[in-house]
Amino acid sequence: MANRSLLDRVVVCAVSPSSTAVQWCLGQYFEELDKRLPKGFERDRDVLIDHTEFSGAGCVFLVASMDGHWVGCGGFKRLNSASACIKRMWVDEAWRGKGIGRHLLTLLENQA
């Protein structure tokens, strides 16, 4: 079960995909993928996609912060009137297992 007092300190905001917060979080996300995937991760191509992928109507990108530090992110883009695609979910390794990812996912699902 999530630590409620910890989640009460988490601030989640919808932000522009080109914001410093999003680009920092995605940088961490891509670095982790690069370490985990056997052949690495083609980061430059995907960073460029993310600037436009979550822009426009039907798109939202959320960043979670706590005590002034970015700790997670995730976004969705609407595919049609009945469905959306949630992408780029990431939580800082130091904050995993504390309910932040679940909290972000719930907020994204509620907005989608």
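The values are calculated or read from the model by the stated rules, or taken from the named source; none is laboratory data. A quick note: this is a predicted structure, and the numbers were derived from the prediction, not measured. Positions of Cβ are backbone-derived with ideal geometry, glycine not excepted, and every protein chain shown enters the neighbour counts.
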Checked the range 74-87 for anything farther than 21 Å from ARG36 by Cβ and surrounded by fewer than 18 Cβ atoms within 10 Å (Cβ to Cβ); matches are ARG78, LEU79, ASN80, SER81, ALA82, SER83, CYS85
Look at the range 17-55 and say how many of its residues are modelled with pLDDT of 70 or more and either part of a helix (DSSP H, G or I) or surrounded by 14 or more Cβ atoms within 10 Å (Cβ to Cβ) (or both). 21
Taking the condition of being over 9 Å from TRP95 (Cβ atoms) and crowded, with 24+ Cβ neighbours inside 10 Å, how many residues in the range 64-73 meet it? 1
Residue tally, condition modelled with pLDDT of 90 or more and either part of a helix (DSSP H, G or I) or surrounded by fewer than 17 Cβ atoms within 10 Å (Cβ to Cβ) (or both), over the range 88-112: 17
Please enumerate the residues belonging to the range 6-22 that are touching a residue at least 60 places away in the same chain (Cβ under 8 Å) and out of contact with any strand residue (DSSP E or B) (no Cβ under 7 Å at 6 or more places or on another chain). LEU6, LEU7
